[in-house]
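Below is one structure, written out as structure tokens; comments come after it.
What follows draws every value from the coordinates through simple rules; no lab data is involved. Computed from a predicted model, the values in this text were never measured in an experiment. A quick note on method: Cβ atoms are made from the backbone with ideal geometry, for glycine too, and the neighbour counts reach across all protein chains shown.
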Amino acid sequence: MSTSLLGAADIRQLADRLGVRPTKQLGQNFVVDANTVRRIARLAQIGEGDLVTEIGPGLGSLTLALLETGAAVVAVEIDPKLAAELPATIAARAPEAVDRFSVVLSDALLVQTAQLEVDGRTPTAVVANLPYNVAVPVLLTLLERVPTLRSGLVMVQAEVADRLAARPGDKTYGVPSVKAAWYADVTWGGAVSRQVFWPVPNVESGLVQFTARPHPQTSATREEVFACVDAAFAQRRKTLRAALAGWAGSADAAEAALRKAGIDPRTRGEKLTVEQFAELAAAR
Ligand code: SAM
């Protein structure tokens, strides 16, 4: 295919021409390295037949690499200047992919599932270099709203990648780890140097891979399970008996629910799997 990826000089030129000054507020750090975007597209294991949701396409670096695989892409961008320019960038650099690409001007937190569909086809994968300040909420919103997603590959701040991929008992295991595990098997996909971005961010980045799986079986709703998770980690140094007193109504009620779910009341939230949180929420 004749896709011509964007290099550092292209990104700077494009930004200059559009009068784009990258803002921290929108997490605008653009990838200026073709190897990095190809690596992301390869790890995402996407190709012809996939409909990819890309969040925050920016100037199109990653978008072009995604289209190069043969996949179709619906990109969601909040910045009107960037969203308006994307079709021209795709037409110039990947003319054969124009029919497989569309852009939605929206905040990813507010986007409707129907806006991510094309001719009745639903998204199969999410791939994104996420805006760092809203990475976790954006990710969880998508996982919730788009149940047809089979997989995901996102780049986030390394520390956030660690948290998302953490296992029970790990130091970084917490609310994002459990909530992401509700939807998918989550694994660390590797580090990315900050030198591949313009402007160069203050933090390192990491890749996280998602493989969707059925929710844990429970009679509790997703909201009930997540409320239990939030309560358990709000006071993560306390035993679950104490941390969940407010959630259950009293420490005794928390202990009763914990025992019913087969969990030692003296344990801490950081030790529980998502399946155990699901059982606990149902036991209240
Ligand atoms: N994908 C591009 C790349 O890799 O070079 C840009 C990634 S940059 C880290 C994040 C992008 O997300 C920016 O283009 C920014 O304007 C956009 N963005 C920020 N907040 C957003 C939101 N809430 N919804 C959709 N896009 C957002």
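Data table
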{"quantity": "Ranked Leu244, Leu5, criterion: other C-beta atoms within 10 Å, fewest first", "calculated": "Leu5, Leu244"}
{"quantity": "Between region 226-248 and region 118-161, the alpha-carbon center distance in angstrom", "calculated": "27 Å"}
{"quantity": "Per-residue ³J(HN,Hα) for region 185-201, Karplus 6.51 cos²θ - 1.76 cosθ + 1.60, θ = phi - 60°, Hz, x for Gly and Pro", "calculated": "7, 10, 9, 5, x, x, 8, 10, 5, 6, 6, 8, 10, 10, x, 5, x"}
{"quantity": "Long-range HN-HN contacts of Phe30 with modeled amide H, under 5 Å", "calculated": "Trp198"}
{"quantity": "Translational diffusion of region 222-283, µm² s⁻¹ [Kirkwood Rh, Cα pairs; Stokes-Einstein; 10 °C; 1.306 mPa s]", "calculated": "147 µm²/s"}
{"quantity": "Rough spin-label spacing in nm, given labels placed 7 Å along Cα→Cβ, for Arg17 and Glu96", "calculated": "2.3 nm"}
{"quantity": "Residue-wise HN-Hα coupling along region 35-41, computed from phi with Karplus coefficients 6.51, -1.76, 1.60 (Hz; x: Gly, Pro)", "calculated": "4, 5, 5, 5, 4, 4, 5"}
{"quantity": "nm² value of the averaged projected area, convex hull over the Cα atoms of region 8-212", "calculated": "10.3 nm²"}
{"quantity": "On Cα atoms only, tilt of 222-234 relative to the major axis of the chain in degrees", "calculated": "80 degrees"}
{"quantity": "Integer Hz, Karplus 6.51/-1.76/1.60 couplings in order for region 139-149, x for Gly and Pro", "calculated": "4, 5, 4, 5, 4, 6, 7, 10, x, 7, 4"}
{"quantity": "Lys, Arg +1 and Asp, Glu -1 on Cβ, resulting dipole of the chain about Cα centre, debye, nearest 20", "calculated": "900 debye"}
